[in-house]
1. Against the conditions (1) open to solvent by less than 70 Å² (accessible area, probe 1.4 Å); (2) closer than 27 Å to ASP125 by Cα; (3) outside any loop (DSSP other than H, G, I, E, B), where does VAL182 fall short? Just the number, please.
2. Taking the range 131-145, which residues are farther than 14 Å from ASN168 by Cβ and in contact with an Asp or Glu (Cβ under 9 Å, 6 or more places away or on another chain)?
3. If you go through the range 31-69, how many residues are of a type in the set (Gly, Ala, Ser), within 28 Å of the chain's Cα centre (by Cα), part of a loop (DSSP other than H, G, I, E, B) and surrounded by fewer than 18 Cβ atoms within 10 Å (Cβ to Cβ)?
4. Taking into account only those residues within the range 120-163 that are part of a loop (DSSP other than H, G, I, E, B) and acidic (Asp, Glu), which is surrounded by the most Cβ atoms within 10 Å (Cβ to Cβ)?
5. What pairs come out if I take residues in the range 24-37 that are closer than 11 Å to GLU71 by Cα and of a type outside the set (Gly, Ala, Ser) and pair them with residues that are open to solvent by 60 Å² or more (accessible area, probe 1.4 Å) and part of a helix (DSSP H, G or I) whose C-beta lies under 6 Å away, six or more apart or interchain?
6. Is it the case that some residue within the range 104-114 is assigned to a helix (DSSP H, G or I), at pLDDT 90 or above, open to solvent by less than 10 Å² (accessible area, probe 1.4 Å) and small (Gly, Ala, Ser)?
7. Where residues in the range 212-239 are under 16 Å from HIS167 (Cβ atoms) and in a loop (DSSP other than H, G, I, E, B), which of them is modelled with the lowest pLDDT?
Amino acid sequence: MNMKTDCNELYGREKVNNTDIEVLASIVSSVTGKGLAAMTAQAMMDEFGDLGRILAADSKELRRGGNTPVEVIAEIERLKYLLRTILYRNMHQRPLLEDLSSVEIYYRAKLFDKKKEQLHVLYLDSGFELLSAECVQIGTVDHVAVYPREIMALAIENSAKHLILVHNHPSAAPEPCAADIVMTNELITACSFFGIHVADHLIVSRDDSFSFREAGLMNTPQVTIPRGKTSQQQTPVSENV
């Protein structure tokens with residue numbers, strides 16, 4: 001599996017051109033009307049530079065210049081929420097280790113505009129179906145603390161047999177530092193005492209992602225991935241999309 005799925009397909013990072021403006025105008029036209037959509041889109045493009053930066057900005061940043069109507073900001077936030085919801089539901093189509101790209105795409109979209117590192121944990125059943133997805137810690141711009149006791153408590157609460165760890169690098173490449181590798185393998189050891197398997201650790205950035213499993217950095221035995229299983233459970237709602 002190629003873990004370099006292009007997130008540009010989601011948010012676009014082309015240099016400023018008419019296509020960017022047309023796409024943005026189509027987003028804002030529902031609240032500005034067609035007459036003002038192009039003018040509003042052009043003003044936003046002039047302020048932020050490209051479509052990717054507009055969609056990566058949070059509502060506070062969009063308000064900062066004072067030129068973007070609040071209704072437009074609300075519409076952009078609504079669109080991003082809709083996209084994340086669709087991607088979150090896509091993670092329930094098959095056992096997750098069978099296609100980790102759905103996890104990568106969702107979390108690159110979810111964490112795309114975050115300025116601090118966050119640690120998320122996906123709790124899976126014995127068939128690698130998603131039981132729950134939780135944000136367990138928010139850190140600083142270049143570090144997030146890990147508390148195995150909290151992660152294990154949620155694993156036991158959800159009757160999970162497998163975990164997938166996900167955290168973001170807001171301003172750096174996704175490759176792990178030495179501390180990331182040590183933390184991951186310490187958590188693998190802690191989980192093993194409870195019979196819980198850490199299936200992977202993904203690090204996502206704006207432009208790329210890194211899989212510990214694919215890089216051979218998981219100090220844990222490989223497991224057999226169930227094939228042909230169709231999920232019968234409802235979509236968990238613990239993750240704030």
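1. Evaluating VAL182 over (1) open to solvent by less than 70 Å² (accessible area, probe 1.4 Å); (2) closer than 27 Å to ASP125 by Cα; (3) outside any loop (DSSP other than H, G, I, E, B) leaves (1) as the failure.
2. LEU131, SER132, ALA133, GLU134
3. Initial filter on the range 31-69 (of a type in the set (Gly, Ala, Ser)): 33, 35, 37-38, 41, 43, 49, 52, 56-57, 59, 65-66.
Now restrict to residues that are within 28 Å of the chain's Cα centre (by Cα): 41, 49, 52, 56-57, 59, 65.
Narrowing the set further to residues that are part of a loop (DSSP other than H, G, I, E, B) leaves 49, 57, 65.
Next, from what is left, pick out any that are surrounded by fewer than 18 Cβ atoms within 10 Å (Cβ to Cβ): 49, 65.
Summing the residues that are of a type in the set (Gly, Ala, Ser), within 28 Å of the chain's Cα centre (by Cα), part of a loop (DSSP other than H, G, I, E, B) and surrounded by fewer than 18 Cβ atoms within 10 Å (Cβ to Cβ) in the range 31-69 gives 2.
4. If we take residues in the range 120-163 being part of a loop (DSSP other than H, G, I, E, B) and acidic (Asp, Glu), then GLU129 is surrounded by the most Cβ atoms within 10 Å (Cβ to Cβ).
5. VAL31/GLU71
6. Initial filter on the range 104-114 (assigned to a helix (DSSP H, G or I)): 104-110.
Next, only the ones that are at pLDDT 90 or above stay: none.
Checked against the condition, which is being assigned to a helix (DSSP H, G or I), at pLDDT 90 or above, open to solvent by less than 10 Å² (accessible area, probe 1.4 Å) and small (Gly, Ala, Ser), the range 104-114 yields no hits at all.
7. GLU239
Here is a yes/no grid of residues against (1) surrounded by fewer than 17 Cβ atoms within 10 Å (Cβ to Cβ); (2) of a type in the set (A, V, I, L, M, F, W, C); (3) touching a strand residue (DSSP E or B) at 6+ places or on another chain (Cβ under 9 Å); (4) modelled with pLDDT of 90 or more:
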residue	(1), (2), (3), (4)
LEU165	no, yes, yes, yes
SER171	yes, no, no, no
GLY195	yes, no, no, yes
ASP200	no, no, yes, yes
PHE210	no, yes, yes, yes
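The values are calculated or read from the model by the stated rules, or taken from the named source; none is laboratory data. Computed from a predicted model, the values in this text were never measured in an experiment. Every residue, glycine as well, gets a Cβ built from its backbone with ideal geometry; the counts of neighbours run over all protein chains shown. For accessibility, only protein heavy atoms count, side chains too; no ligands or nucleic acids. Shrake-Rupley method; radii C 1.70, N 1.55, O 1.52, S 1.80 Å.
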